[in-house]
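The values are calculated or read from the model by the stated rules, or taken from the named source; none is laboratory data. As the structure is a prediction and not an experimental result, all values here were calculated from the model. Quick reminder, even Gly has a Cβ in these numbers, built from the backbone with ideal geometry, and neighbours come from all protein chains shown. With ligands, DNA and RNA removed, areas are computed over all heavy atoms of the protein, side chains included. Shrake-Rupley method; radii C 1.70, N 1.55, O 1.52, S 1.80 Å.
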Amino acid sequence: MSPVRDRVPGDVLVARDLTKRYGGVVAISSAGITLRSGQIHALVGENGAGKSTLVKILCGVTDADSGTITLDDAPVSFANSREAGAAGVALVAQELSLFPDLSVRENLFPLDPARRFGLISHATLDRRAAPVLERLGLDVDTGARLGDLTIADQQLVEIAKAMLRSPRVLILDEPTSALPQAAVARLDSVLHSLADDGLAVLYISHFLEEVMRVADRITVMRDSRTVLADAPVGEIDLDRLVSVMIGEDKQRVSSDVRRATHAARDVADLRLVGASLAGALHEVDLNARRGEIVGVAGLQGSGHTVILDAVCGRVRLDAGEVLLPGGVRPKSMRHAYANGVAFVPSDRKGLGLMLDRTVAENISSVAWLGLGRGGLWQRSRQQRRVADQMIDRLRIRGVADTRVGDLSGGNQQKVVFAKWMATDPKVLVLDDPTRGVDIGARAEMHDVIKSLAGQGRIVLVASTDLAELCEVCDRVAVFQRGRLVRTLVGEELDEATLSTAMNAGFAVAEVG
C-alpha cells in the first residue's frame, strides 16, 4: 500500500456520466473518474470493461457522445491528444511511442527541438532534459540510440517525454507489463515521488497486487460502467476487488475441461532430438505428447524461447532435429504452419493482428490467405460464419464486422487465438499468451488452452508469468544458458521451486 501523504489533495480532473458508442456497441455508459493532485488513482477492470475508451476520451483521442469533463473546475473538451497535452493531461501508453533508431534526446523532443543558427542545439536540449532525467533517476547518455537502452529505461524515457510538458495529470496505461521486477520497484518509487510533488497520476494495470501496493484510490469498471468509484485502497481487499471486477454471479467455464486419454499421452508426437544452435541451444532433448501442456522457462537469453522458434520453423538448427507429428521436419514457418503448427506471439499487435481489419478478416487470415484453404476466393458469408463460431466459442466482446483495433487488449488476444484455432492445429505454440491481459480474460484463455489440450492437441508454452506456467502446464522444462537443466512436474511444480530452478545451478537432466 502506498504511504500516507501529508498534503490535502484537490480535484484536478473530473469526468462524469461519460457515454460512448461505436455503432451498436456501447463502449462506456455513465462512466466517470475523479483525479486529485498528489494521489495515484488506479483504474482496473476486465478487458472490454471500457477502461481504454475512458482514457481515450480523457486524452482527446476520441470524444464522448455525452457527459462532462472538468479540469481545475473548468469544463473542457479536447479535440485531439495535442490539445489535451497542452492543457496538462499527458498519456504514457502501453505501446511506447518512441523511435528506437533515434537518440534519447531526439525522442525526448520530437516536435519542438531547440535550434541555434538553424541547427538543433544539443546543449540546450540536454539542459532542458537534465532536471527531469535526474528527477526520474534516469542516468543515460542523451545521445545514445534509444533502442540500445533496456525496456525499463525506455519506459522512463517515455515518462520523461511526458514530464517535459509539465503536466497536471499523468496517465500510465499498463506501465509495467514488460518490466522485470526490479524495474517495477524503481517505477513505484518514481511515481510516489511525482505524486508527492502534487501530480495527479492515473494508473491502469491488470496486476492487482501491484495496484493495491501503489495506488491511493481505486475505480473499477465492469461491462462498460463504473461499478466502484474512488474507493480508498485501505478499505478494499484483493478478494473484494476481484469480485467487483468480474461480478459476483458471473459464470466461468470450468477449469476442469481436459479430457485427454492416457493412451494419447503415451505417444510422443513432438520431439526435439539433440537440438543445438550456436549461442542459444546445446543438445536439447524434449518431448511433448498429445493432450499435454508443456512449459518452457528460463531467464532472458537462456534459450527456452528458441525452442518455440525451432518448432515453428523460425530458426534452423545447427545440429539435431525437430520432429512434428507424423515425423515432419519443419523447413520454414509456412511449412510448419501447413503441417499443423499454430503460433500465438507475445506481440499481438506487431505480429498477431491486422488492427485496421475486421474480426472476421483476422480470423480467416491464416487459414485462407496463409494456407490457401477455401479456394482462391473466400466469400464474406463464409468468413462471417467462421468468425461467429469463434466469437461465441472464445467469448470475444464484439461482432464479426468490428475493427480489431477497436477491441480491448484481452479481446484482441482472443482474436489471435481464434485465427489459429480456425486452422485446426495439431501443435499450439504460445509465447506469453496472456501478456497485458486482465484477470478475467486470463482465466478464460487458460480454459481455452486446457480445452485444446483436452481435444488431443499438443501445447507448448513460454510465459514470463510463473504462476501461469504452474497453473496450466503438466510439466515445465527449465533452461539455463541453452541447456535443459531440470523438469518440474506434479507437486514440485510451484512458483518458488520454478523460480529457484531458473536461477540456481543444476546438473543437466533428461526430459521425455
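For the reader, a short list of remarks on this structure follows.
- Restricting segment 55-81 to residues that are assigned to a loop (DSSP other than H, G, I, E, B) and at positive phi, the residue that is surrounded by the most Cβ atoms within 10 Å (Cβ to Cβ): GLY60
- Residues that are modelled with pLDDT of 90 or more and of a type in the set (D, E, K, R) were ranked within segment 267-299; the one that is nearest to the chain's Cα centre (by Cα) is GLU292.
- Scanning segment 275-327 for residues that are assigned to a strand (DSSP E or B) and open to solvent by 40 Å² or more (accessible area, probe 1.4 Å) yields HIS282, GLU283, ASP285, ARG289, ALA319, GLY320, GLU321.
- Within segment 59-76, residues that are closer than 16 Å to VAL169 by Cα reach partners that are aromatic (Phe, Trp, Tyr) and surrounded by 18 or more Cβ atoms within 10 Å (Cβ to Cβ) with beta carbons closer than 6 Å, at six or more positions or on different chains, in the pairs GLY60/PHE78.
- Single residue of segment 225-249 satisfying the filter (open to solvent by 30 Å² or more (accessible area, probe 1.4 Å) and small (Gly, Ala, Ser)) that is farthest from VAL211 (Cα to Cα): ALA229
- Every residue from segment 415-433 that is closer than 23 Å to VAL476 by Cα and either assigned to a loop (DSSP other than H, G, I, E, B) or touching a Ser or Thr at 6+ places or on another chain (Cβ under 9 Å) (or both): PRO425, LYS426, LEU430, ASP431, ASP432, PRO433
- Output for segment 1-36, where each listed residue is more than 24 Å from GLY398 (Cβ to Cβ), of a type in the set (Ser, Thr, Tyr) and modelled with pLDDT of 90 or more: THR34
- Among the residues of segment 184-222, just one is within 18 Å of GLN94 (Cα to Cα), open to solvent by 20 Å² or more (accessible area, probe 1.4 Å) and in contact with an Asp or Glu (Cβ under 7 Å, 6 or more places away or on another chain), namely HIS206.
- Residue within segment 383-390 that is modelled with pLDDT under 75, open to solvent by 20 Å² or more (accessible area, probe 1.4 Å), out of contact with any Leu (no Cβ under 7 Å at 6 or more places or on another chain) and assigned to a helix (DSSP H, G or I) present: yes
- Strands (runs of 3 or more DSSP E) contained in segment 434-495 and holding at least 2 residues touching a residue at least 12 places away in the same chain (Cβ under 8 Å) and open to solvent by 40 Å² or more (accessible area, probe 1.4 Å): 483-489
- Any chance LYS20 is assigned to a strand (DSSP E or B) and either free of Cβ contacts under 8 Å to residues at least 60 places away in the same chain or farther than 20 Å from LEU194 by Cα (or both): yes
- So SER81, is it of a type in the set (S, T, N, Q), modelled with pLDDT under 95 and under 18 Å from GLY409 (Cα atoms): no
- Residue among ARG222, ARG217, ARG213 that alone is charged (D, E, K, R) and in contact with a Gly (Cβ under 7 Å, 6 or more places away or on another chain): ARG222
- Candidates LEU125, LEU170, LEU133: the one that is open to solvent by less than 30 Å² (accessible area, probe 1.4 Å), over 20 Å from LEU187 (Cβ atoms), at pLDDT 85 or above and not in a loop (DSSP other than H, G, I, E, B) is LEU125.
- Yes/no for ARG357 being surrounded by fewer than 17 Cβ atoms within 10 Å (Cβ to Cβ) and either among the acidic types (Asp, Glu) or within 21 Å of the chain's Cα centre (by Cα) (or both): yes
- When GLY410, GLY398 are screened for being under 17 Å from the mean Cα position of the chain (by Cα), open to solvent by less than 30 Å² (accessible area, probe 1.4 Å) and touching a residue at least 40 places away in the same chain (Cβ under 8 Å), only GLY410 passes.
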